[in-house]
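*Asks:* Dropping the structure in here first, questions after.
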Amino acid sequence: MSAWVLPDHIADVLPSEARHIEELRRQLLDTARGYGYELVMPPLLEHLESLLSGTGEALGLQTFKLVDQLSGRSLGLRADTTPQVARIDAHLLNRRGVVRLCYCGPVLHTRPDRPHATREPLQFGAEIYGHAGIEADIESLHLALDCLGAAGLQGGAIVDLADARIVRALLAGATDDAAAIARIHAALAAKDASRLRELTQDFPAASRDGLRALIELYGDAEVLDEAARRIGHVPGVAPALDELRRMGRMVDGAASVSFDLADLRGWAYYSGMRFGIYVPGAADALVRGGRYDEVGAVFGRNRPAVGFSLDVREFVGVLAPRPLRAAIRAPWRDGDGLRAAIADLRGKGETVVCVLPGHDSEVDEFHCDRELVEHGGQWQVKPL
């Protein structure tokens, strides 16, 4: 095997894709800044006991682990940034009011989360801390949709809504065994009715029948009416259904809306409303988000939190290629006049590519549609 072969599901990013990724990253961060989100940059690695504490425990199998050569302690390479941002909110900022934070950086997964996915996503996310009302959930969803729009994604998006409180309400009093709950979640996500029937056969009737009903409760807004009839009597379910109705209305034509009350995919720390945004060309939800109020508990500050994240590299894959950046071709020679002319153009934001003696410039990411020529002792830009 060649020494230059990269590990499975790890790849270099070449100029065309890299340019698109970087431009998209900037657009996403600028869109979040327009909502008042502040940028944070958590470290790529932390002490393992911090990285995998609390809700981060669910990421244990996805986290690369290594030994710190300085301290001998175990370190982890983050598999998700949200627990780190919760730590920043709780320990470093420790503000009293609402805090809006965004980030964009690589995460690493021990295994791809689906076929053909990278193990090195570039995760962009935006999170609100400190507000328990549905207004924060609505803002998070609106920002996610605006991010798609800012990137040039026009039409075809589907917002799929669910709420983790519904399953929790149906499980209340039935079981508190974490392994059993995980198996039930997996059966619900796969809509495996026979497996769910087996797992819930000893449950109280209300829990058993309600969980089995969830598998059939997906579709348009009429699903919520059907859910109200079948499981609305279970304590805690009706308020969640009401909030899902309001969330669906607040999408306001920006995308199609569907509901899947059995959808429990994504990180295990969601505690309330959850959403996924599906777009043409993506194999799964491009964006996942929702409410995760317990995320900061392990850091001693259990306050409301809601947000979303997406993989910028995956996002680029569903967008149309961007046009090449216009550039100016210039000769390479000594002379203060030429250097001053090039510096002036670059200062104005132009790309100037100097042709080195004896070589044509191989620049696939720029379209040289003009050239810098000397005319009457002055350097001027002329179209090619």
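*Asks:* Run the numbers for GLU135 and ALA182: contour at 0.36 nm per residue of separation, minus the present Cα-Cα distance, in nm.
*Replies:* Here the answer is 13.9 nm.
*Asks:* Over the C-alpha atoms of segment 37-184, what are the Rg and the largest Cα-to-Cα span, Dmax, in Å?
*Replies:* Rg then Dmax for segment 37-184, in Å: 17.8, 52.
*Asks:* Right, something else. Could you pull out the GluC sites (Glu not before Pro) across segment 174-268 that fall in loop regions by DSSP (anything but H, G, I, E, B) with no more than 16 other Cβ atoms inside 10 Å?
*Replies:* GLU216
*Asks:* Hey, can you grab everything whose amide H is under 5 Å from the amide H of MET273? Only 5+ residues off in sequence or another chain; H modelled, so Pro and N-termini drop out.
*Replies:* The answer is ALA164, ARG291.
*Asks:* Please list the radius of gyration and Dmax for segment 43-88, considering alpha-carbon atoms only, with Å as the unit.
*Replies:* Both quantities, over Cα of segment 43-88: 9.9, 28 Å.
*Asks:* Give the value in nm², to one decimal: projected area of the alpha carbon convex hull of the chain, averaged over all directions. Walk me through the intermediate numbers first.
*Replies:* Numbers: hull surface 103.8 nm².
For the chain, averaging the hull's shadow over all directions gives 26.0 nm².
*Asks:* Could you please tell me the mean projected area of the C-alpha convex hull for segment 149-287, averaged over all directions and given in square nanometres to one decimal?
*Replies:* In nm², the orientation-averaged hull projection of segment 149-287 is 8.6.
*Asks:* Additional query: Once both axes come from the Cα atoms, what is the angle between helix 178-190 and the longest principal axis of the chain, in degrees from 0 to 90, rounded to 10?
*Replies:* Relative to the chain, helix 178-190 is tipped by roughly 70 degrees.
*Asks:* Please get the size of the charge dipole for the chain, origin at its Cα centre, with Cβ charges of +1 on Lys and Arg and -1 on Asp and Glu, quoted in debye to the nearest 20. Write down the numbers at each step before the final one.
*Replies:* Working: 43 positive and 54 negative charges, 108 e Å.
In debye, rounded to 20, the chain gives about 520.
*Asks:* Could you work out how much longer the chain between ALA297 and GLN27 gets when fully extended? Use 0.36 nm per residue separation minus the Cα distance between them, nm to one decimal. Walk me through the intermediate numbers first.
*Replies:* On the way: separation 270, 0.36 × 270 = 97.20 nm, distance 3.22 nm.
In short, 94.0 nm is gained.
*Asks:* Please compute the contact order of the chain in relative form: average sequence separation of alpha-carbon pairs under 8 Å and at least six residues apart, divided by the residue count, as a percent.
*Replies:* In percent, rounded to a whole number, it is 18.
*Asks:* Right, next: Which of ASP260, ASP12, ASP160 ends up with the largest GNM mean-square fluctuation for the chain, with Cα atoms connected below 10 Å?
*Replies:* It is ASP12.
*Asks:* Measuring from the lowest to the highest alpha carbon on each principal axis, how far does segment 253-326 reach, largest first, in angstroms?
*Replies:* Principal-axis extents of segment 253-326 (Cα, largest first): 52, 31, 23 Å.
*Asks:* Modelling each spin label as a point 7 Å along the Cα-to-Cβ direction, I'd like the SER256/ASN94 distance in nm, to one decimal.
*Replies:* Once both label points are built, they end up 5.0 nm from each other.
*Asks:* Mind listing which chymotrypsin sites (Phe, Trp or Tyr not before Pro) in segment 1-80 are in a DSSP loop and have 12 or fewer other Cβ atoms within 10 Å?
*Replies:* Within segment 1-80, the qualifying chymotrypsin sites (Phe, Trp or Tyr not before Pro) (loop, at most 12 other Cβ atoms within 10 Å) are TRP4.
*Asks:* Another question, if that's okay. Once you have the Cα-Cα distance between LYS65 and ASP369, take 0.36 nm times their residue separation minus that, and quote the gain in nm to one decimal.
*Replies:* So the chain would gain 104.5 nm between LYS65 and ASP369.
*Asks:* Tell me the GluC sites (Glu not before Pro) within segment 285-363 that lie in a loop according to DSSP and have at most 13 other beta-carbon atoms within 10 Å.
*Replies:* Values: sites: GLU294, GLU314, GLU350, GLU362; in loops: GLU294, GLU350, GLU362.
Those that pass, being in a loop and sparsely packed, are GLU362.
*Asks:* Just the Cα atoms of segment 248-384: what Rg and Dmax do they give in Å?
*Replies:* Considering segment 248-384 through its Cα atoms, Rg and Dmax are 26.0, 75 Å.
*Asks:* Here is a further query. I want to make sure I understand the PRE zone here: with the label point 7 angstrom from the Cα of ARG73 toward its beta carbon, which residues in segment 18-48 have backbone N atoms less than 20 Å away?
*Replies:* 41-48
Read-outs throughout are calculated quantities, based only on the coordinates presented, and are distinct from any laboratory measurement. These figures come from a predicted structure and were not determined experimentally. Please note: Cβ atoms are built from the backbone with ideal geometry, for glycine as well, and neighbour counts cover all protein chains shown.
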